[in-house]
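Here the structure comes first, spelled out in structure tokens, and everything after it is commentary.
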């Protein structure tokens with residue numbers, strides 16, 4: 001795995017709790033007012049220079065058209081290989097036009113507004129999605145606050161009034177199944193006709209396949225839920241991760257079992273299949289190896305889903321700390337043991353297996369010597 005240099009994100013008119021804000025060449029409430037610096041993560045096989053990505057929250061914050069923008073539009077949950085192919089095409093078009101590469105996305109996710117409670121769990125949190133888009137080398141992201149009013153905009157009005165008259169698009173790059181506008185009435189052929197009429201180019205990017213599967217957020221969610229993290233990671237182009245806060249648990253790990261664990265308050269991301277996993281743990285800018293259990297603790301009669309991780313060679317008090325768990329591989333199913341002694345014996349085996357796999361992972365990820 002190759003670590004990226006920190007990409008930075010310039011947020012325009014957006015407050016984020018816990019992120020330092022500074023003013024940039026303009027007073028508050030002007031278009032170029034707030035800078036929030038956000039760290040990027042790791043991506044497989046890419047190198048991205050240190051850069052700023054402008055994030056414009058709300059179409060109404062566009063005081064002027066962007067510079068000859070090439071744009072792609074979507075939810076981009078997971079920011080996976082298929083999305084990166086789109087982003088590369090956007091960057092190619094931006095270079096050709098000598099303009100800006102732009103991603104338009106939505107928050108909240110449209111399905112949360114149109115069918116609350118019926119949508120899928122998400123692969124990435126919104127803020128994390130922006131970090132990953134920035135790490136892909138995009139110049140600007142437009143975040144549209146999705147609402148029922150926005151959903152009622154016709155396909156023509158979306159293109160003419162927003163993309164052309166507000167954003168100033170010169171090229172639109174979309175996936176093969178792209179639909180847009182009220183009731184998803186717009187398709188790619190309609191978009192091409194509007195491009196001919198209004199003066200922009202449309203390019204469709206076919207879906208890509210890896211290991212015989214089309215790379216899509218739906219497929220990746222299924223793989224995660226099935227516990228096939230190794231295949232999900234291939235399609236993502238990085239390790240699947242869950243972030244949360246360390247909270248007090250039932251204190252069994254260290255006191256009863258001899259293996260202290262960090263209990264994670266999970267967010268609304270899609271959970272992997274219950275079981276034991278080999279993981280990397282990101283904490284306070286450091287990376288550690290670990291073995292994580294996602295499940296219900298059946299040996300002790302548990303009924304609530306929980307995520308707890310034993311961090312290897314680590315003994316600090318981290319209650320209340322933000323932590324990220326990156327899933328490398330699945331070791332086994334969760335199962336009920338006859339008692340603590342049998343469970344302790346199995347945990348010893350799990351930790352030994354995790355150490356061995358982490359050593360192989362580190363060796364495989366190390367850059368080749370010249």
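Things worth noting here:
- Residue check, residue 122 at positive phi and under 11 Å from the mean Cα position of the chain (by Cα): no
- Hits in segment 138-158 - residues which are buried (at least 20 other Cβ atoms within 10 Å of the Cβ) and in a loop (DSSP other than H, G, I, E, B): 138, 139
- Against the list (1) more than 26 Å from the chain's Cα centre (by Cα); (2) outside the structural domain of residue 64 (by TED's automatic domain parsing), the condition residue 166 fails is (2).
- Residue match in segment 106-117 (condition: under 27 Å from residue 67 (Cα atoms), in contact with a strand residue (DSSP E or B) (Cβ under 9 Å, 6 or more places away or on another chain) and not in a loop (DSSP other than H, G, I, E, B)): yes
- Qualifying residue in segment 141-164 (condition: closer than 21 Å to residue 237 by Cβ and touching a residue at least 12 places away in the same chain (Cβ under 8 Å)): yes
- Residue match in segment 185-192 (condition: surrounded by 21 or more Cβ atoms within 10 Å (Cβ to Cβ) and modelled with pLDDT of 95 or more): yes
- Of the residues making up segment 143-185, those that are within 19 Å of residue 70 (Cβ to Cβ) and out of contact with any helix residue (DSSP H, G or I) (no Cβ under 7 Å at 6 or more places or on another chain) are 143, 158, 163, 165, 167, 168, 176.
- Restricting segment 210-231 to residues that are in contact (Cβ under 8 Å) with a residue 60 or more places away in the chain and touching a helix residue (DSSP H, G or I) at 6+ places or on another chain (Cβ under 7 Å) leaves a set whose member that is surrounded by the fewest Cβ atoms within 10 Å (Cβ to Cβ) is 210.
The values are calculated or read from the model by the stated rules, or taken from the named source; none is laboratory data. Just so it is clear, the model here is predicted, and its values are computed rather than measured. Every residue, glycine among them, receives a Cβ derived from its backbone with ideal geometry; neighbour counts consider all protein chains shown.
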